[in-house]
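The block underneath contains the structure these notes are about, expressed in structure tokens.
The values are calculated or read from the model by the stated rules, or taken from the named source; none is laboratory data. The structure displayed is predicted, hence computed values, not measured ones. Cβ: placed from backbone, ideal geometry, glycine included. Neighbour counts: every protein chain shown. Note: accessible area is taken over every heavy atom of the protein model, side chains too, but ligands, DNA and RNA are not part of it. Shrake-Rupley method; radii C 1.70, N 1.55, O 1.52, S 1.80 Å.
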Amino acid sequence: MLNYFLKRLFVMLLMIVLVSTMIFFLFRTMPGDPTAFVVDPSIPPEARQQLLERYGLDGSLWDQYKVFITDLARLDFGDSFFYNRPAIEIIQEKLAATLILMLTAMVFAYTMGIFGGAWMAWRRGSRLESLGITISLIFRSAPTFWVGLMMILLFSVRLAWFPAQGMRTAGTGGGTFAEMFLNLDFLRHLILPAIVAGMYFMATPMLIMRNSMLEVMSEDYIEMARAKGTKERHILYRHAARNALLPVVTAGALFIGASIGGQVLLEVVFSWPGLGREIVTAVTRHDYPLAQGCFIIISAMVMFMNLIADMLYAFLDPRISYN
Amino acid sequence: MKRISQKKVWLAVMIAALMLFTACGDGSDDTEPTGSDIPDEEMGELVPDLTFLSSLPEANMVNYEMSQEVAEELQLLGVNAESQPMDFAVLLDVLYGDDSDYDAYTIGWSGRIERLDPDMFIHSINHSDNANPGGNNTNRYRNPEFDEIADAQRREMDIDARRELVFEAQRILAEDVPKITMYSRANMQTYNKELFEDVINIPGEGLFNEWTPFSIKPLTDETVLTVASNVNIDDMNPLSSISVYGWRNLRLIYDKLVRLSPTIEPEAWAAESWDVVDDTTIDVVLRQGMTFHDGEPVTVEDVKFSYELFIDENVEYFGSFLTPIDSIEITDDDTIRFNLVEPYAPFITNTLAQIPILPMHIWENIENPVQYTNEDAIGSGPFKLERFQTGEELVLSKFDDYFEPVHIDGYIFQIFASPEGVLTALELGNVHMVSYDLVPSHTEQIENNDGGRYDHLELTEGDDIGFFYIGMNLDRKPFDNKQFRIAMAHLVDYDLALDVHLNGYGARGGGGLTIVEANEFWHNPDVPIYDTYDPERAREILVEAGFTWDSEGRMRMPVE
């Protein structure tokens, strides 16, 4: 088991180096250079040259790559061109905002999804089941930014229950984590985007759960439980649902990995200062260190959560073993 | 719709004329291009195929449309022309790249406040010194007579004499048409008139300028102004900040010797006065009794230190304003003398009005000033920095000891992800002013004011001193031919740009127009410019200039 884990970890590291290399060259083949975003192009050519030197972009591509990869080995992504601060600092700040939003959305989506999915399988063929599927699919297929806008229109503008955008009321909050995230104001701002995102994500766990429940329900031990006269609800949640959870766990683990990138459209609609928005602007601004850092962290997270999902399997299902 | 039918009529007339003349085979009317009896091989070479680089429609719809229009007009004249939209960054790369591989393009110059001084629009973008790859003269315009005047206005320290020179420069540009200005956009902005009053609107900057924070007064107990932005700001270090909005805030935290008044005249600010001793010597007397936000006094040493720091650290953003400085000396307790390498007319309006005064007692101890994050920026301006939350907000409070105290308790510069978000916040009363130009659909929405939703908002219109134009590569045929450029100026439908594409919010352009009317002091109103859309006239000009059309109807260059 440990052996397997270490082997996977090693492969993962190799993959990260490979991905980083690809990302590095991909950004440099992009047309345009970062000096184009310095206020506007009116700066004289000598000044552009100076700026390139300051950014470390004056050397050959190979030299730049060597610097990049040695820095990466020390987990240093370099300084963001735009913010003039270490890219990792910016990423940390934004990652917190994104993760809180996405994890809240995930808890919402997976709780609703797992219970709803199990229940729907149990009530297979009923009108309520098709209603549930339809609703979850509607939210899955509707563009999130549109749903977001409609929710803002209804709950913020018309009813004024929730704030329309941002992470906190302008001018409040402070520097520390507690001041920023552990307060009612933040919670009020979190609810609307989290629900919109949650509704969007809900269909996946719900339908997976439903399908896997249907499979489980045809098993003999369910029949057995029925024959024993166990209560319906007991059979549903104690016997069937627990065994049907496995595929949902995989989906969930992968979801966490992918969620780092955030929901760019939602972040834009709700002016949520998350990593997704930051990645988009970093790319358009040619802020290489920041953009590279974001993508490397995202790919590392996806790989890592994949590994976690695989390891979890061994615990959840005794038939799987990595020896 | 109207335009299309006009074109159809034009096309029909053309075809009819073509048929008529081929039938007659007699070119008696020399204003008509087709019927020429010169054999093709004796005509000049073909006018080369032309590509107009322009913006993606989502980036600038007007430029995108106008560029298509002009390409179509040229096609009707028998030139193979096409419009090629591209990403802004890529376009810049082409225009400023080493290869200079382009025929023509559409782009614009934004109307930043230092561009009210005519040096940028006269010298930087038209002087032949800047006509090499990487330079701002991307039209490759070279005219020794013009260069002389452009140099002279830069050296002329007397403002009236300088104005004459700038007027003369504009006359030459209008005649030579190195580029064709299509339109200027109006700065449409808005603020909450129920909560605040006394805003100032400045050409090129709009409402969130240098003066509104000084003049604005609260009408209710809401004493903190919230300003909405849809662009991010970078950092609080004056030596490294490179975003326009970073600077619009920094100049309120840091003070400057001179500020440009709302009517764009230099006004002594942190300076008590200045004196042009001779063309290359300027004495500045510092205002007494000023302090930094941490209580330390502002001294002439701080001023000298700041300017030298900017020079020593090679701050790119201000490079062109600082290179004219030869040395700075302190002549007495409150006087600083600037010695210039050569006379530099924009010294007061640009250099003194741009460089912030930094506290020496803080910055002299910093090892690498350009890399310093300056999270607790200490300046001597009217506002103190409370907090800068990257990508979210900048919170500033009133500095009580400032010599000209402001009327609000502070302001919050709040960053939104999209203009839609700002509009909602405006409607809900969460933000009180915008710092950027509203998108046209929002202007309309606020103006229509459905159901009185925007009753509390006042829409403001300001003229922009920037402009959008068609640039031409004068190193290439046919743009090296002045008459061709003049003809081109007749192919641009200026009214279409303004009335249709901009809904009337803006100003018309014209051939060679560089300093637009909004810049009242420097604009030369007496120069006739080519600013009418008249394809018929364009054709006449081309015929007079010796352009001919071959048997296939393709335009040919004049025989040399």
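A few comments on the model shown:
- Chain B: calculated mean residue ellipticity at 222 nm from DSSP helix runs of at least 4, using -39500 (n - 2.57): -8000 deg cm²/dmol
- Formal net charge of residues neighbouring B:Pro178 (Cβ-Cβ distance under 15 Å; K, R +1; D, E -1): -1
- Less than 5 angstrom separates the built amide H of B:Asn187 from those of B:Gly462, B:Asp463, B:Asp464, all sequence-distant by 5 or more or on a different chain.
- Rounded if a/c under 1.5, otherwise prolate or oblate - segment B:121-187, Cα gyration tensor axes: oblate
- Chymotrypsin sites (Phe, Trp or Tyr not before Pro) within segment B:320-427: DSSP coil, no more than 16 neighbouring Cβ in 10 Å: B:Phe403
- Listed by chain and number, the aspartates and glutamates whose alpha-carbon sits under 14 Å from that of A:Lys228, ignoring those within fewer than 8 places in the same chain, are A:Asp220.
- Taking each residue as 0.36 nm, the span from A:Leu182 to A:Gln49 lengthens on full extension beyond its C-alpha to C-alpha distance by 43.3 nm.
- Nearest-20 debye value, segment A:143-268 charge dipole, Cβ charges on Lys, Arg, Asp, Glu: 340
- Sequentially through segment B:217-231, phi angles give Karplus couplings (6.51, -1.76, 1.60; θ = phi - 60°) of 10, x, 9, 10, 7, 7, 9, 10, 7, 10, 10, 9, 10, 10, 10 Hz, Gly and Pro residues having no value and appearing as x.
- Proximal lysine pairs, chain B, alpha carbons under 27 Å, eight or more residues apart or interchain: 17
- Among the trypsin sites (Lys or Arg not before Pro) in segment A:205-248, those placed in a DSSP loop whose Cβ has at most 15 other Cβ atoms within 10 Å are A:Lys231.
- Paramagnetic label reach from B:Glu267 (point 7 Å along Cα→Cβ; backbone nitrogen cut-off under 14 Å): within segment B:198-241, residues B:199-203, B:209-216.
- Chain A shape via C-alpha gyration tensor axes, a/c threshold 1.5: oblate
- Interface area, B with A, accessible, probe 1.4 Å, both sides summed, Å² nearest 100: 3900
- Separation in nanometres of the label points that stand 7 Å from Cα toward Cβ, at A:Thr169 and A:Ala314: 5.2
- Residue-by-residue Karplus 3J(HN,Hα) for segment B:496-502, coefficients 6.51, -1.76, 1.60, Hz, glycine and proline x: 4, 4, 6, 6, 8, 6, 10
- For the peptide A:80-88, the mean number of other protein chain Cβ atoms found within 10 angstrom of a residue's Cβ is 5.
- If both residues of a DSSP beta bridge must be in the protein assembly as shown, then about 80% of such bridges are antiparallel.
- Hz values of 3J(HN,Hα) by residue in segment B:458-469 - Karplus curve (6.51, -1.76, 1.60), Gly and Pro given as x: 10, 8, 10, 10, x, 7, 9, 8, x, 7, 10, 9
- Interface residues of segment B:311-344, defined as those with an accessible-area decrease of at least 10 Å² between the chain by itself and the complete set of protein chains (probe 1.4 Å), are B:Asn314, B:Glu316, B:Tyr317, B:Ser320.
- Available extension along the chain between B:Asn339 and B:Asp160 is 62.2 nm, counting 0.36 nm per residue and deducting the alpha carbon span.
- Here the label points at A:Ser218 and B:Glu58, each 7 Å from Cα along the C-beta direction, are separated by 4.6 nm in the simple model.
- Antiparallel %, DSSP beta bridges [both residues in chain B], to 5: 80
- Share of carbon and sulfur in the accessible heavy-atom surface of segment A:111-207 [1.4 Å probe, %]: 73
- The coefficient of translational diffusion for segment B:256-377, derived via Stokes-Einstein from the alpha carbon Kirkwood radius under 4 °C and 1.567 mPa s, stands at 87 µm²/s.
- Heavy-atom accessible area per residue - the protein assembly as shown, 1.4 Å, Å²: 43
- Accessible surface of segment B:256-377 [probe 1.4 Å, protein heavy atoms]: carbon and sulfur percent: 42
- Neighbourhood charge, 13 Å Cβ-Cβ cut-off, centred on A:Ala225 and excluding it, Lys, Arg +1 and Asp, Glu -1: +2
- Lys, Arg +1 and Asp, Glu -1 on Cβ, resulting dipole of segment B:256-377 about Cα centre, debye, nearest 20: 380
- Helix-derived mean residue ellipticity, 222 nm - over chain A, DSSP H n ≥ 4, -39500 (n - 2.57), to 500: -22500 deg cm²/dmol
- Within segment A:237-273, the residues that become at least 20 Å² less accessible when every protein chain is included than when their own chain is isolated (1.4 Å probe; DNA, RNA and ligands ignored) are A:Val268, A:Ser271, A:Pro273.
- Packing around the peptides B:443-454, A:13-24, B:203-214, B:161-172, taken as the average count of other Cβ atoms within 10 Å per residue, puts them in this order, highest first: B:203-214, B:161-172, A:13-24, B:443-454.
- Global geometry of segment B:143-219, whether rounded, prolate or oblate, following the gyration tensor of its Cα atoms and the 1.5 cut on a/c: oblate
- Principal-axis tilt of helix B:535-544 within chain B, Cα atoms, nearest 10 degrees: 70
- Counted charge near A:Leu265, where neighbours are those whose Cβ lies closer than 13 Å (Asp, Glu -1; Lys, Arg +1): -1
- Counting Cβ atoms of other protein chains within 10 Å of each residue's Cβ and taking the mean over peptide B:241-248 gives 3.
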